[in-house]
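Working notes for the structure below.
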Amino acid sequence: MPEEKQPRTWVRRFTGVGAMVASPVYGFAFPLAAIPAVAMLFVKPLAGFPKLTKAIAWWSAIGIVALTLSAFLQDEPVSGNILHYAAMLLFVIAGVKMTSDASTAAKLLAYVSIGSAMFYLIFRPTNTDTFEHLWKYGLGPYVAIAIVWFLCERTDQRIIPLTALFVVGCSSLFLGFRSHGLVCFVVVVIILVRGDTRGAAGKAFKGAIAAVALYALSKVLPMGIAAGWFGQAVQARTMQQLGDNGPDILAGRVEPPLSLAAILKHPWIGWGNLNAIDNHTMSVGADIAYTLGMVPDDYMRLWIRADGRVSLHSVFAEGWAEGGILAVVMPALLFGLFVVAIFKAHGRLAPLVVLVAIQGIWDVLFSTWGYNRGLTLAVSAVLAAWAITHSSQDQSGVAHGGRFIEPEKPGLSRTSSSRHE
(Lines give C-alpha, C1' and ligand atoms only; values in the text may rest on other atoms or scores of the structure.)
Protein backbone atom coordinates (compact mmCIF):
# COMPACT_ATOMS: atom_id res chain seq x y z
CA MET A 1 0.00 0.00 0.00
CA PRO A 2 1.52 3.40 -0.97
CA GLU A 3 2.53 5.54 2.00
CA GLU A 4 0.07 8.29 1.06
CA LYS A 5 -2.86 5.85 1.34
CA GLN A 6 -1.83 4.26 4.62
CA PRO A 7 -3.75 5.37 7.72
CA ARG A 8 -2.11 7.81 10.13
CA THR A 9 0.66 8.71 7.70
CA TRP A 10 0.51 12.31 8.91
CA VAL A 11 1.22 11.46 12.54
CA ARG A 12 4.24 9.32 11.63
CA ARG A 13 5.67 12.21 9.63
CA PHE A 14 4.92 14.75 12.36
CA THR A 15 6.65 12.49 14.87
CA GLY A 16 9.75 12.39 12.68
CA VAL A 17 9.77 16.18 12.40
CA GLY A 18 9.21 16.44 16.15
CA ALA A 19 12.27 14.28 16.80
CA MET A 20 14.30 17.11 15.31
CA VAL A 21 13.61 19.57 18.12
CA ALA A 22 14.05 19.18 21.88
CA SER A 23 11.13 20.48 23.92
CA PRO A 24 11.81 23.39 26.28
CA VAL A 25 11.34 21.12 29.32
CA TYR A 26 12.90 17.67 29.63
CA GLY A 27 13.93 17.85 25.99
CA PHE A 28 16.43 15.01 25.94
CA ALA A 29 13.74 12.55 27.05
CA PHE A 30 10.78 14.25 25.38
CA PRO A 31 11.43 15.99 22.06
CA LEU A 32 8.51 17.73 20.33
CA ALA A 33 7.63 14.30 18.94
CA ALA A 34 5.90 13.82 22.30
CA ILE A 35 3.06 16.09 21.12
CA PRO A 36 1.72 13.81 18.35
CA ALA A 37 2.54 10.83 20.58
CA VAL A 38 0.25 12.14 23.33
CA ALA A 39 -2.51 12.66 20.76
CA MET A 40 -2.22 8.99 19.80
CA LEU A 41 -2.95 7.87 23.36
CA PHE A 42 -6.63 8.66 22.82
CA VAL A 43 -7.16 6.58 19.66
CA LYS A 44 -7.55 2.85 19.14
CA PRO A 45 -4.69 0.81 17.65
CA LEU A 46 -5.07 -0.06 13.98
CA ALA A 47 -4.18 -3.74 14.39
CA GLY A 48 -3.96 -4.41 18.12
CA PHE A 49 -0.79 -4.58 20.21
CA PRO A 50 1.97 -6.82 18.83
CA LYS A 51 3.78 -9.23 21.12
CA LEU A 52 5.55 -7.87 24.21
CA THR A 53 4.65 -4.21 23.57
CA LYS A 54 2.03 -4.15 26.33
CA ALA A 55 4.50 -5.79 28.70
CA ILE A 56 7.18 -3.20 27.88
CA ALA A 57 4.68 -0.39 28.48
CA TRP A 58 3.52 -1.84 31.82
CA TRP A 59 7.06 -2.48 33.05
CA SER A 60 8.11 1.02 32.04
CA ALA A 61 5.36 2.31 34.35
CA ILE A 62 6.44 -0.10 37.11
CA GLY A 63 10.03 1.05 36.59
CA ILE A 64 8.95 4.65 37.24
CA VAL A 65 7.41 3.57 40.53
CA ALA A 66 10.50 1.48 41.42
CA LEU A 67 12.92 4.36 40.74
CA THR A 68 10.79 6.74 42.81
CA LEU A 69 10.39 4.28 45.69
CA SER A 70 14.07 3.41 45.73
CA ALA A 71 15.06 7.07 45.91
CA PHE A 72 12.58 7.60 48.76
CA LEU A 73 13.83 4.59 50.72
CA GLN A 74 17.48 5.55 50.22
CA ASP A 75 16.75 9.24 50.95
CA GLU A 76 18.26 10.26 47.62
CA PRO A 77 17.02 12.62 44.89
CA VAL A 78 15.01 10.85 42.21
CA SER A 79 17.17 9.94 39.23
CA GLY A 80 16.64 11.85 35.99
CA ASN A 81 16.44 8.47 34.25
CA ILE A 82 12.82 8.31 35.42
CA LEU A 83 12.02 10.66 32.53
CA HIS A 84 13.39 8.18 30.02
CA TYR A 85 11.25 5.42 31.49
CA ALA A 86 8.26 7.74 31.05
CA ALA A 87 9.35 8.37 27.46
CA MET A 88 9.48 4.62 26.83
CA LEU A 89 5.95 4.28 28.22
CA LEU A 90 4.60 7.07 26.02
CA PHE A 91 6.37 6.20 22.79
CA VAL A 92 5.78 2.43 22.91
CA ILE A 93 2.02 2.93 23.25
CA ALA A 94 1.96 5.75 20.69
CA GLY A 95 4.24 3.81 18.32
CA VAL A 96 1.83 0.88 18.27
CA LYS A 97 -1.09 3.20 17.54
CA MET A 98 0.79 4.97 14.75
CA THR A 99 1.54 1.69 12.94
CA SER A 100 -0.25 -1.42 11.75
CA ASP A 101 2.56 -3.69 10.56
CA ALA A 102 6.32 -3.90 10.09
CA SER A 103 6.24 -1.69 7.00
CA THR A 104 4.56 1.26 8.71
CA ALA A 105 6.73 0.78 11.80
CA ALA A 106 9.82 0.87 9.57
CA LYS A 107 8.65 4.16 8.07
CA LEU A 108 8.05 5.63 11.52
CA LEU A 109 11.54 4.58 12.63
CA ALA A 110 13.06 6.05 9.46
CA TYR A 111 11.32 9.39 10.04
CA VAL A 112 12.43 9.43 13.69
CA SER A 113 16.01 8.60 12.66
CA ILE A 114 16.09 11.39 10.08
CA GLY A 115 14.64 13.85 12.57
CA SER A 116 17.13 12.82 15.26
CA ALA A 117 20.04 13.16 12.84
CA MET A 118 18.83 16.63 11.88
CA PHE A 119 18.81 17.63 15.56
CA TYR A 120 22.53 16.93 15.80
CA LEU A 121 23.26 18.66 12.50
CA ILE A 122 21.29 21.80 13.36
CA PHE A 123 21.77 22.26 17.10
CA ARG A 124 25.22 20.64 17.52
CA PRO A 125 25.03 19.74 21.24
CA THR A 126 28.05 19.13 23.47
CA ASN A 127 30.75 16.73 22.20
CA THR A 128 29.96 17.32 18.51
CA ASP A 129 32.71 19.88 17.86
CA THR A 130 34.37 17.77 15.12
CA PHE A 131 32.85 15.63 12.39
CA GLU A 132 34.26 12.51 14.06
CA HIS A 133 32.44 13.39 17.29
CA LEU A 134 29.30 14.40 15.40
CA TRP A 135 29.24 11.00 13.68
CA LYS A 136 29.98 9.08 16.87
CA TYR A 137 27.63 10.87 19.25
CA GLY A 138 24.84 11.76 16.87
CA LEU A 139 24.71 10.71 13.24
CA GLY A 140 26.11 7.19 12.80
CA PRO A 141 23.25 4.88 13.92
CA TYR A 142 20.55 7.17 12.51
CA VAL A 143 22.20 7.41 9.09
CA ALA A 144 22.59 3.62 8.96
CA ILE A 145 18.91 3.04 9.76
CA ALA A 146 17.68 5.63 7.25
CA ILE A 147 19.87 4.27 4.44
CA VAL A 148 18.98 0.63 5.03
CA TRP A 149 15.25 1.47 5.24
CA PHE A 150 15.40 3.48 2.00
CA LEU A 151 17.10 0.65 0.11
CA CYS A 152 14.92 -2.11 1.60
CA GLU A 153 11.83 -0.19 0.49
CA ARG A 154 13.07 0.02 -3.09
CA THR A 155 14.61 -3.36 -3.79
CA ASP A 156 14.18 -7.02 -2.93
CA GLN A 157 17.90 -7.64 -3.48
CA ARG A 158 19.40 -7.89 -0.01
CA ILE A 159 22.93 -7.41 -1.28
CA ILE A 160 22.21 -3.73 -2.00
CA PRO A 161 21.31 -2.61 1.56
CA LEU A 162 23.97 -4.95 2.95
CA THR A 163 26.63 -3.37 0.74
CA ALA A 164 25.55 0.08 1.87
CA LEU A 165 25.62 -1.07 5.50
CA PHE A 166 29.14 -2.43 5.03
CA VAL A 167 30.24 0.96 3.66
CA VAL A 168 28.65 2.75 6.62
CA GLY A 169 30.38 0.32 8.98
CA CYS A 170 33.75 1.02 7.39
CA SER A 171 33.09 4.76 7.65
CA SER A 172 32.29 4.40 11.35
CA LEU A 173 35.48 2.41 11.88
CA PHE A 174 37.64 5.04 10.20
CA LEU A 175 35.88 7.81 12.16
CA GLY A 176 36.63 6.12 15.48
CA PHE A 177 33.11 4.77 16.11
CA ARG A 178 34.28 1.17 16.52
CA SER A 179 31.17 -0.16 18.24
CA HIS A 180 28.90 1.02 15.43
CA GLY A 181 31.24 -0.42 12.83
CA LEU A 182 31.02 -3.76 14.61
CA VAL A 183 27.20 -3.56 14.73
CA CYS A 184 27.07 -2.99 10.96
CA PHE A 185 29.46 -5.86 10.22
CA VAL A 186 27.58 -8.25 12.50
CA VAL A 187 24.31 -7.50 10.68
CA VAL A 188 25.93 -8.14 7.30
CA VAL A 189 27.35 -11.48 8.49
CA ILE A 190 24.06 -12.62 10.03
CA ILE A 191 21.96 -11.81 6.97
CA LEU A 192 24.44 -13.30 4.49
CA VAL A 193 24.96 -16.49 6.44
CA ARG A 194 21.34 -17.02 7.40
CA GLY A 195 19.88 -16.54 3.95
CA ASP A 196 16.45 -18.11 3.40
CA THR A 197 17.24 -21.53 4.86
CA ARG A 198 14.07 -23.32 6.05
CA GLY A 199 15.24 -26.69 7.39
CA ALA A 200 16.39 -27.06 10.98
CA ALA A 201 19.68 -28.71 9.96
CA GLY A 202 20.43 -25.94 7.48
CA LYS A 203 19.67 -23.27 10.06
CA ALA A 204 21.92 -24.96 12.61
CA PHE A 205 24.76 -25.25 10.09
CA LYS A 206 24.49 -21.62 9.03
CA GLY A 207 24.18 -20.57 12.64
CA ALA A 208 27.45 -22.33 13.38
CA ILE A 209 29.11 -20.59 10.45
CA ALA A 210 27.80 -17.24 11.67
CA ALA A 211 29.14 -17.90 15.17
CA VAL A 212 32.58 -18.74 13.80
CA ALA A 213 32.56 -15.69 11.52
CA LEU A 214 31.54 -13.35 14.33
CA TYR A 215 34.17 -14.81 16.66
CA ALA A 216 36.82 -14.35 13.99
CA LEU A 217 35.60 -10.80 13.42
CA SER A 218 35.83 -10.03 17.14
CA LYS A 219 39.46 -11.20 17.16
CA VAL A 220 40.70 -10.01 13.78
CA LEU A 221 39.21 -6.52 13.92
CA PRO A 222 40.92 -5.34 17.13
CA MET A 223 44.18 -6.92 15.95
CA GLY A 224 43.90 -5.01 12.69
CA ILE A 225 43.16 -1.74 14.48
CA ALA A 226 46.11 -2.23 16.86
CA ALA A 227 48.38 -3.08 13.92
CA GLY A 228 47.39 0.08 12.06
CA TRP A 229 45.56 -1.63 9.16
CA PHE A 230 42.92 1.11 9.22
CA GLY A 231 45.32 4.01 9.49
CA GLN A 232 47.35 5.66 12.21
CA ALA A 233 44.50 8.00 13.21
CA VAL A 234 42.17 5.07 14.00
CA GLN A 235 45.01 3.27 15.79
CA ALA A 236 45.83 6.32 17.92
CA ARG A 237 42.17 6.97 18.83
CA THR A 238 41.66 3.34 19.81
CA MET A 239 44.74 3.18 21.98
CA GLN A 240 43.73 6.42 23.68
CA GLN A 241 40.23 5.09 24.38
CA LEU A 242 41.37 1.71 25.67
CA GLY A 243 44.48 2.79 27.52
CA ASP A 244 47.81 1.02 27.40
CA ASN A 245 46.60 -1.71 29.76
CA GLY A 246 42.94 -1.70 28.80
CA PRO A 247 40.86 -4.84 28.30
CA ASP A 248 40.75 -6.50 24.91
CA ILE A 249 37.12 -5.68 24.18
CA LEU A 250 35.75 -3.90 21.14
CA ALA A 251 33.24 -1.89 23.07
CA GLY A 252 35.96 -0.07 24.94
CA ARG A 253 33.57 0.08 27.89
CA VAL A 254 35.13 -0.05 31.32
CA GLU A 255 32.00 0.50 33.45
CA PRO A 256 30.87 -3.17 33.87
CA PRO A 257 33.07 -3.79 36.97
CA LEU A 258 31.47 -0.85 38.78
CA SER A 259 28.02 -1.92 37.53
CA LEU A 260 28.53 -5.41 38.93
CA ALA A 261 29.72 -4.12 42.30
CA ALA A 262 26.84 -1.64 42.61
CA ILE A 263 24.17 -4.18 41.65
CA LEU A 264 25.49 -6.87 43.99
CA LYS A 265 25.46 -4.40 46.87
CA HIS A 266 21.76 -3.47 46.45
CA PRO A 267 20.20 -5.94 43.99
CA TRP A 268 16.57 -5.66 45.16
CA ILE A 269 15.79 -1.98 45.72
CA GLY A 270 18.80 -0.28 44.14
CA TRP A 271 20.70 2.84 45.23
CA GLY A 272 18.00 5.33 44.26
CA ASN A 273 20.59 7.40 42.42
CA LEU A 274 23.93 6.50 40.85
CA ASN A 275 25.66 9.31 42.76
CA ALA A 276 24.76 7.49 45.97
CA ILE A 277 27.22 4.67 45.19
CA ASP A 278 29.71 4.76 48.07
CA ASN A 279 33.50 4.58 48.15
CA HIS A 280 33.53 0.98 49.41
CA THR A 281 31.53 -0.17 46.38
CA MET A 282 33.86 1.85 44.16
CA SER A 283 36.77 -0.07 45.71
CA VAL A 284 35.07 -3.40 45.07
CA GLY A 285 34.54 -2.34 41.45
CA ALA A 286 38.20 -1.34 41.22
CA ASP A 287 39.23 -4.79 42.48
CA ILE A 288 37.11 -6.42 39.76
CA ALA A 289 38.62 -4.08 37.17
CA TYR A 290 42.13 -4.99 38.35
CA THR A 291 41.44 -8.70 37.80
CA LEU A 292 40.48 -7.84 34.20
CA GLY A 293 43.79 -6.09 33.60
CA MET A 294 42.55 -2.51 33.95
CA VAL A 295 44.37 0.28 35.71
CA PRO A 296 42.77 3.42 37.22
CA ASP A 297 43.76 5.55 34.24
CA ASP A 298 41.61 3.26 32.08
CA TYR A 299 38.37 3.56 34.00
CA MET A 300 38.23 6.16 36.78
CA ARG A 301 37.62 9.16 34.49
CA LEU A 302 34.69 7.28 32.94
CA TRP A 303 33.23 6.00 36.22
CA ILE A 304 33.23 9.52 37.66
CA ARG A 305 32.79 12.14 34.95
CA ALA A 306 34.31 15.62 34.98
CA ASP A 307 31.14 17.10 36.49
CA GLY A 308 31.22 14.59 39.37
CA ARG A 309 28.43 12.45 37.95
CA VAL A 310 28.74 8.66 38.36
CA SER A 311 28.07 6.75 35.13
CA LEU A 312 27.51 3.08 34.36
CA HIS A 313 26.92 3.84 30.66
CA SER A 314 24.27 1.13 30.31
CA VAL A 315 20.48 1.37 30.15
CA PHE A 316 20.28 -2.11 31.69
CA ALA A 317 22.86 -1.60 34.47
CA GLU A 318 21.67 1.89 35.39
CA GLY A 319 18.08 0.70 35.71
CA TRP A 320 19.08 -2.17 37.98
CA ALA A 321 21.55 -0.16 40.06
CA GLU A 322 19.17 2.75 40.63
CA GLY A 323 15.76 1.11 40.89
CA GLY A 324 16.49 -2.49 41.77
CA ILE A 325 15.05 -5.64 40.26
CA LEU A 326 11.71 -4.10 39.24
CA ALA A 327 13.36 -1.32 37.24
CA VAL A 328 15.50 -3.70 35.19
CA VAL A 329 12.58 -5.73 33.79
CA MET A 330 11.81 -3.24 31.02
CA PRO A 331 15.40 -3.20 29.66
CA ALA A 332 15.47 -7.00 29.99
CA LEU A 333 12.27 -7.28 27.93
CA LEU A 334 13.80 -5.02 25.28
CA PHE A 335 16.87 -7.24 25.17
CA GLY A 336 14.76 -10.40 24.82
CA LEU A 337 12.54 -8.85 22.15
CA PHE A 338 15.53 -7.81 20.04
CA VAL A 339 17.15 -11.25 20.35
CA VAL A 340 13.98 -12.98 19.15
CA ALA A 341 13.61 -10.50 16.27
CA ILE A 342 17.07 -11.42 14.96
CA PHE A 343 15.91 -15.00 14.43
CA LYS A 344 12.34 -14.24 13.35
CA ALA A 345 12.88 -11.39 10.88
CA HIS A 346 12.44 -12.36 7.24
CA GLY A 347 11.47 -10.84 3.92
CA ARG A 348 12.65 -7.64 2.36
CA LEU A 349 12.76 -5.74 5.68
CA ALA A 350 14.97 -8.37 7.35
CA PRO A 351 18.20 -6.31 7.04
CA LEU A 352 16.54 -3.35 8.72
CA VAL A 353 14.94 -5.40 11.50
CA VAL A 354 18.21 -7.21 12.26
CA LEU A 355 20.11 -3.90 12.23
CA VAL A 356 17.60 -2.35 14.64
CA ALA A 357 17.73 -5.44 16.87
CA ILE A 358 21.55 -5.58 17.04
CA GLN A 359 21.75 -1.82 17.62
CA GLY A 360 19.03 -2.09 20.26
CA ILE A 361 20.88 -4.87 22.10
CA TRP A 362 24.05 -2.79 22.06
CA ASP A 363 22.26 0.31 23.34
CA VAL A 364 20.51 -1.57 26.15
CA LEU A 365 23.77 -3.13 27.35
CA PHE A 366 26.41 -0.49 26.56
CA SER A 367 24.75 2.90 26.01
CA THR A 368 23.39 5.35 28.51
CA TRP A 369 20.16 7.29 28.19
CA GLY A 370 20.63 10.31 25.95
CA TYR A 371 18.79 12.52 23.49
CA ASN A 372 15.94 10.55 21.85
CA ARG A 373 17.19 7.23 23.26
CA GLY A 374 13.76 6.48 24.71
CA LEU A 375 12.00 7.43 21.46
CA THR A 376 14.38 5.42 19.30
CA LEU A 377 14.34 2.33 21.51
CA ALA A 378 10.55 2.44 21.78
CA VAL A 379 9.99 2.65 18.02
CA SER A 380 12.68 0.01 17.42
CA ALA A 381 10.83 -2.27 19.85
CA VAL A 382 7.55 -1.68 17.99
CA LEU A 383 9.21 -2.60 14.68
CA ALA A 384 10.78 -5.72 16.18
CA ALA A 385 7.44 -6.71 17.75
CA TRP A 386 5.57 -6.35 14.46
CA ALA A 387 8.25 -8.41 12.68
CA ILE A 388 7.88 -11.20 15.25
CA THR A 389 4.08 -11.07 15.11
CA HIS A 390 4.08 -11.28 11.32
CA SER A 391 6.46 -14.22 11.42
CA SER A 392 4.14 -16.11 13.78
CA GLN A 393 1.10 -15.28 11.65
CA ASP A 394 2.82 -16.46 8.49
CA GLN A 395 3.61 -19.80 10.05
CA SER A 396 -0.05 -20.27 11.03
CA GLY A 397 -1.37 -19.16 7.66
CA VAL A 398 -2.31 -15.54 8.35
CA ALA A 399 -1.19 -13.00 5.79
CA HIS A 400 0.04 -9.53 6.75
CA GLY A 401 -3.06 -7.76 5.60
CA GLY A 402 -5.14 -9.71 8.09
CA ARG A 403 -6.49 -12.11 5.43
CA PHE A 404 -6.33 -15.80 6.33
CA ILE A 405 -4.53 -18.11 3.93
CA GLU A 406 -4.84 -21.80 4.56
CA PRO A 407 -1.58 -23.72 4.87
CA GLU A 408 -0.66 -25.88 1.94
CA LYS A 409 -1.91 -29.48 1.95
CA PRO A 410 -0.30 -32.45 0.25
CA GLY A 411 -1.08 -32.45 -3.46
CA LEU A 412 -2.40 -28.88 -3.44
CA SER A 413 -0.64 -25.63 -4.23
CA ARG A 414 -1.28 -22.23 -2.77
CA THR A 415 -3.16 -20.05 -5.19
CA SER A 416 -2.42 -16.79 -3.52
CA SER A 417 0.43 -15.42 -1.53
CA SER A 418 1.31 -12.34 0.39
CA ARG A 419 4.56 -10.45 0.34
CA HIS A 420 6.32 -10.83 3.65
CA GLU A 421 7.50 -7.75 5.41
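Structure summary
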quantity	calculated
Rounded accessible area per residue of the range 302-350, 1.4 Å, Å²	32 Å²
The range 71-154: trypsin sites (Lys or Arg not before Pro) in DSSP loop, at most 11 other beta carbons within 10 Å	none
Rounded accessible area per residue of the range 58-194, 1.4 Å, Å²	38 Å²
Within the accessible area of the range 1-63 (1.4 Å probe), percent carbon and sulfur	73 percent
Cβ-based net charge around Ile56, under 15 Å, with every Lys or Arg adding one and every Asp or Glu removing one	+3
Amide N of the range 256-287 lying under 16 Å from the label point, which is placed 7 angstrom from the Cα of Ile304 along Cα→Cβ	258-259, 262, 274-287
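The values are calculated or read from the model by the stated rules, or taken from the named source; none is laboratory data. The structure presented is a predicted model; accordingly, all values stated were derived computationally and were not measured. Note: ideal-geometry Cβ built from the backbone for every residue, glycine included; neighbour counts use all protein chains shown. Ligands, DNA and RNA are excluded from the accessible area calculation, which covers all protein heavy atoms including side chains. Shrake-Rupley method; radii C 1.70, N 1.55, O 1.52, S 1.80 Å.
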